[in-house]
1. In the stretch B:90-99, what residues are open to solvent by less than 30 Å² (accessible area, probe 1.4 Å) and within 11 Å of another protein chain (Cβ to nearest Cβ)?
2. In the stretch B:94-147, which residue that is among the β-branched types (Val, Ile, Thr) and outside any helix (DSSP H, G or I) is farthest from residue A:447 (Cα to Cα)?
3. If residue B:30 passes every condition in (1) more than 19 Å from residue B:73 (Cβ to Cβ); (2) part of a strand (DSSP E or B) but one, which one does it miss?
4. Restricting to the stretch A:319-361, and then to whatever is polar (S, T, N, Q) and farther than 21 Å from residue A:414 by Cα, can you tell me which residue is most open to solvent (accessible area, probe 1.4 Å)?
5. Is it true that some residue in the stretch B:37-55 is surrounded by fewer than 22 Cβ atoms within 10 Å (Cβ to Cβ), of a type in the set (Lys, Arg) and part of a loop (DSSP other than H, G, I, E, B)?
6. Only one of these is crowded, with 17+ Cβ neighbours inside 10 Å and more than 14 Å from chain B (Cβ to nearest Cβ): A:524, A:480. Name it.
7. Can you work out which of the residues in the stretch A:441-452 that are touching a helix residue (DSSP H, G or I) at 6+ places or on another chain (Cβ under 6 Å) and closer than 28 Å to residue A:522 by Cα is most open to solvent (accessible area, probe 1.4 Å)?
Amino acid sequence: MRVLRPLVLVLMFVCVFASLNSFCFAQDALDRIRQRGELVIATDATYPPFEFREAEVLKGFDVELGNEIGKELGVKVRWLNLEWAGVLGSLESQKCDLVMAGVTITEERKQKGYLFSRPYFLSGQTVAKRKGDSRIQKAQDILDKRVSVQMQTTGQFAAEKIGVPKDRLAKFDVLQDGLMDVRNNKSDALVADLPALKEILRKNFPELELVGGIIQEENVGIVAWRAEARLVSAVNFALEKIMVDGRYARLHAEWIREPLTTQILGGLDRVGKAGSVVAPARTFEGLEFLTKQKREVAGSSGNVQGGAPTPPTASALSIRWDVIRASLPQLFLGARVTLILTFLTLLFGTPAGLAVALCRISRIRALRWLAVTYIEIVRGTPLLMQIYVIYFVLPALHLDFSPFASGIIALSVNAAAYIAEIFRGGIESIDSGQMEAARSLGMDYFGAMRWVILPQTLRRVLPPLTNEAIALLKDSSLVSVVAVTELMREGKEIATNSGSATTVYLAIAVIYLLLTLPLTYLVSRLENRWQPIRREAKVQKGTKA
Amino acid sequence: MTQILEIHQLEKSFGSLKVLEGIDLTVKEGEVVALIGASGSGKSTLLRCINRLEPPSAGRIRFMDAEVTPSNLNWVRKQIGMVFQRFNLFPHLTALENVALAPRKVLGVSAEVALREGRELLDRVQLSEKAQNYPGELSGGQQQRVAIARALAMNPRLLLFDEPTSALDPELVGEVLAVMRNLAREGRTMVVATHEMGFAKEVAHRVLFLDAGRILEQGTPEEIFSNPKEERTRTFLARILER
């Protein structure tokens, strides 16, 4: 029962949470924005020239365009800078009103409940490779290579669509990490949006180049949460005004550094130039949607507030059991990877930690010094940095590991330092008379350690070791930054994918809990089994010294 | 009787504190030597120097035919059994496993033989029925008897006892002394640091009175207990026998 209690609490919390929202968020987004006087736009500022940070300031094409839209709506714009994996999910949790992050308009995303504005940019997916890699001449050449992408971007979808097998796809949270992977020879190519890729390569990756041609053209739009049609109408109205009066052309010239008439810009090339909206020359993917929106705007003849009435968003935070059911297999795969990561790390980290602990208490000064240095360096730096160093920096020293191996190594190196301190504390807590008794019987130091000190230490360090194992199980989520798909990463992908971030993250929380509780239980069982040995301490203390 | 232990001008300091000074001592095979003296007089340190649990600061110790040095330490310790004031049994092992561990791991005796001999030894200290109990389940007197059996299991040439009854409740002292008396009767060579003057008087062949790190006086139990020459011996004995 004791083990079940936290689980029950979590479920109760989930239920309360789910029922609360049905009456809390009934108001329309546009009204809320007007009331607040603030429009919150989420973005991922790793995507020049659309959005990026320079000297603490958020800059870029999207940023200025968004600010102009805010002006049109008569409100201030507050930017929310998130990791891409969390950007779309923040709409559902109402952390933001709109997303502007170079988001491609796709049918899948629409079906997941995201509402798009009219297209404001025509983009396309293209391939980057190392300069001089003659194996890759055209997009089709990457099918049998290792390809990195930014997770859950249309770059990933495009790579999958042209037939790059799943197991050769390395998914990164940050586009730049994917490019580093290519530069370090770990991946051979990367698929992403042409304008962003071009700008990032120009700025930071001179050793990479683009493969000519575009895999697929894409329309970029502004995203809102489902049922916020009034807000989208207002945004479209603002967008069109900005396009018509020439502001769009000015921003385009400033940030994109390409004439509006390039091949990429196709259908938009005439927009804004003549000072009036011209129908796009080619069919946009989001056209039917576009015309519908236009009609709404036209019907209200400029009065944005007169848009079609929309039902309140009642389901924004409720639990979507269908999503959980559908994503369970994938979540279990992630949980399996998390368990394997944890298990292997403990398998390597525990003996390593013990060895470091023995060095730490050794009589040989050099060993002691080495152990102290190691422990202090590992404990004094973030695990995330250690993972980055092992995956991205070590290749420069010709120590090249796969993402999974890098994850195991980083976690083991990290855990070993903490486990070493646990063991040292345990060994030092054993009465010195134990070592003396063992040595006086003729055992050498290592024999005494092996047969007398360590068996007792192990029983004492079991509780802190369990804590470490639990911490490790949770910390293992950090290795997702080097494209290891464990539970948290799997969850992030489903969250971005399904449009039900709340549901998915709660499901992940429950799975983590289910993984850690048995561990706690197992240890309390073991401790009970060793009860007679623990009683010894009391009896010996009871005798007079 | 052959000489088994010879200590020459032994000295031991902890930092600037001199604990032992100019100790000369010879122990013959089969001899029982009692070390008496106030707490802090150096009895324990002397015992611990003999098997180098404390490395001596100066002087020489010969055991059997060899000088005791860091290099032959494990060989020396195999031959010298030690019984501690606080028992120092291994709490994670049963009484029997405590006794059998060193023969198995140090002498390489098979588990079967080590356990059989362990049972015999426990029988000799009247604890055969406690063989499967953990130290935590035994009384202090029982624990100390297991500790003696553990020392005997290595079949040592010399037994060192470091105040073996000082940590015991008074009613438990007798059972431990009885076991030690039997060992003396068997002709075991023993050096015993003790506050039990009755035991020293009855069992020891020779009594050494330590004071401030020196052997102030030594002789047969009659000489020391009935007719001590030194004033300090007299005050020590008067004080301890008053209790």
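The values are calculated or read from the model by the stated rules, or taken from the named source; none is laboratory data. Because the structure is a prediction, the values reported are computed rather than measured. Methodologically, a virtual Cβ is constructed for each residue, glycine included, from the backbone with ideal geometry; neighbour enumeration extends over all protein chains shown. Note: accessible area is taken over every heavy atom of the protein model, side chains too, but ligands, DNA and RNA are not part of it. Shrake-Rupley method; radii C 1.70, N 1.55, O 1.52, S 1.80 Å.
1. Within the stretch B:90-99, the subset open to solvent by less than 30 Å² (accessible area, probe 1.4 Å) is B:90-96, B:98-99.
Hits for the stretch B:90-99 are B:90, B:91, B:92, B:93, B:94, B:98, B:99.
2. Pass one, the stretch B:94-147, residues among the β-branched types (Val, Ile, Thr): B:94, B:99, B:106, B:109, B:113, B:125, B:146.
Within this subset, residues satisfying the condition of being outside any helix (DSSP H, G or I) are B:94, B:109, B:125.
On the way: B:94: 19, B:109: 15, B:125: 27 Å.
Going through the qualifying residues, I end up with B:125.
3. Condition (2) is where residue B:30 drops out.
4. A:330
5. yes
6. On the way: A:524 fails: crowded, with 17+ Cβ neighbours inside 10 Å.
Within the list A:524, A:480, the selection yields A:480.
7. Checked the stretch A:441-452; the qualifying residue most open to solvent (accessible area, probe 1.4 Å) is A:451.
Residue by residue, here is whether (1) more than 8 Å from chain A (Cβ to nearest Cβ); (2) touching a helix residue (DSSP H, G or I) at 6+ places or on another chain (Cβ under 6 Å); (3) free of Cβ contacts under 8 Å to residues at least 12 places away in the same chain; (4) among the acidic types (Asp, Glu) holds:
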| site | (1), (2), (3), (4) |
| --- | --- |
| B:121 | yes, yes, no, no |
| B:134 | no, yes, no, no |
| B:167 | no, no, no, no |
| B:177 | yes, yes, no, no |
| B:188 | yes, no, no, no |
| B:192 | yes, no, no, no |
